[in-house]
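Please treat every number below as a calculation from the coordinates, not as lab data. Everything numeric in this text was worked out from a predicted model, so none of it was measured. Because the Cβ atoms are built from the backbone with ideal geometry, glycine has one as well, and the counts that use them run over all protein chains shown.
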Amino acid sequence: MNTKILRRALLQATGLAPFAAMAQAPDYPDRPVRIVVPYSAGGGTDVTARAAAQRMSPDLGQPVIIENRAGANTAIGAENVARSRPDGYSLLISGSTTFVLLPLLSRQLSFGPADFTPVSQLTQLPMAMVVSPSVEGSLPEIIGRVQRAPSEFIYAHTGMGSAGHLMGERLFMNHALHLNSVPYRGFSQTLVDLMSGRVPMTFESVPAVMPFHREGKVRIAAVSSPQRLPNLPEVPTFVEMGYPGMAFFGWFGLAAPAGTPEAIVRRLADAVARASRDPGYRAAIEATGQQVVGNSPDEFAAVIKTDIAQWRAVVEPLNIRLD
């Protein structure tokens, strides 16, 4: 009898069948691993995922294949993985939009954080308040002008419930302000109107706006990291200007379907940790403006839990919903 079949039969006979997957974890993986990215190919998440997959594959001894399943604000790809078998062969790389924001914003979502097992946070990236070159002054000075004439200011974002939209609400709710906002189909369109002065401000990730800030086409007024960034030493943080509640990071992480055996989750997390120490991987990630993390499943779960609490405090008082 085949050794694996015999072992499975013994596990069943002794009442240990629920632990069969755990017992077989040393054999994992024995075929290619699929990582779903719920964004189109070529974007920041896709670049991050492919860099991670390239380094994880030799460690796992199997091909790690990236599958792009974009649409519905990441819901299509996320649902595909949430409904997959929890055997370690279907994984998801996405960010707080999927694991935190969508579950808070949508009552009709078919999945939530409980449908995933956190594996490892791959990266973190600070967010930024970005203004048109025609908008002068520091953050406190800009806020002062907004307070005096809120009807004269608008801010742009890439859609209701997007990270940029909620970041703006998070800042302005400190002053009981509600500014009109303009949703754009994508950041490239937002950028055009920001550079021309048609809209005075937006909120976006530092990696997305840093090249345009350096070229003088836009100006980063503040960043959400706790300390100033080494690659943007001239830009102050929200914290140093009196907004400690604006200290947070965006991030991308690796998750498996809920119920994935702990041994498999540890195997994957170890592969991410080793990739995170690879100089080539670090260089590839840092070139995008992100910071490498590579933490443990428990640490990543704690990040998600903290983010849910922070963003719930923004979403629920303002009753922001997508449906």
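The table that follows gives values for the structure above.
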{"quantity": "For E136, E204, E286, E234, order by how many other beta-carbon atoms lie within 10 Å, fewest first", "calculated": "E234, E136, E286, E204"}
{"quantity": "Point-to-point label distance, L179-D30, nm (Cα→Cβ direction, 7 Å offset)", "calculated": "5.8"}
{"quantity": "Cα centroid of segment 164-209 to Cα centroid of segment 130-145, whole Å", "calculated": "13"}
{"quantity": "3J(HN,Hα) from dihedral phi, segment 307-312, Karplus parametrisation 6.51/-1.76/1.60, rounded to Hz, x for glycine, proline", "calculated": "5, 4, 5, 5, 7, 4"}
{"quantity": "Separation of the A302 and L322 label points, Cα + 7 Å toward Cβ, nm", "calculated": "2.9"}
{"quantity": "Rg/Rg_ref, segment 208-280, where Rg_ref = 2.2 N^0.38 Å and atoms are Cα", "calculated": "1.59"}
{"quantity": "Pair R83, M241: separation of 7 Å Cα→Cβ label points (nm)", "calculated": "4.5"}
{"quantity": "For the chain, size of Cβ-based charge dipole, Lys and Arg +1, Asp and Glu -1, in debye", "calculated": "540"}
{"quantity": "Ranking of E299, E316, E79 by count of other Cβ atoms within 10 Å, fewest first", "calculated": "E316, E299, E79"}
{"quantity": "CD proxy at 222 nm, helix term only [per DSSP H run n ≥ 4: -39500 (n - 2.57); per residue of the chain; nearest 500]", "calculated": "-12000 deg cm²/dmol"}
{"quantity": "Exposure proxy ranking, count of Cβ atoms within 10 Å, fewest first, for I76, I285, I35", "calculated": "I76, I35, I285"}
{"quantity": "Residue-span extension gain [R198 to R107] - 0.36 nm each, minus C-alpha spacing", "calculated": "29.3 nm"}
{"quantity": "Segment 111-244, relative contact order [Cα under 8 Å, separation at least 6], %", "calculated": "34"}
{"quantity": "Correct choice for log10 I(q)/I(0) by the Debye sum over Cα atoms at q = 0.09, 0.11 Å⁻¹ that was computed from the model, options (1) -0.50, -0.71; (2) -0.61, -0.79; (3) -0.56, -0.78", "calculated": "(1)"}
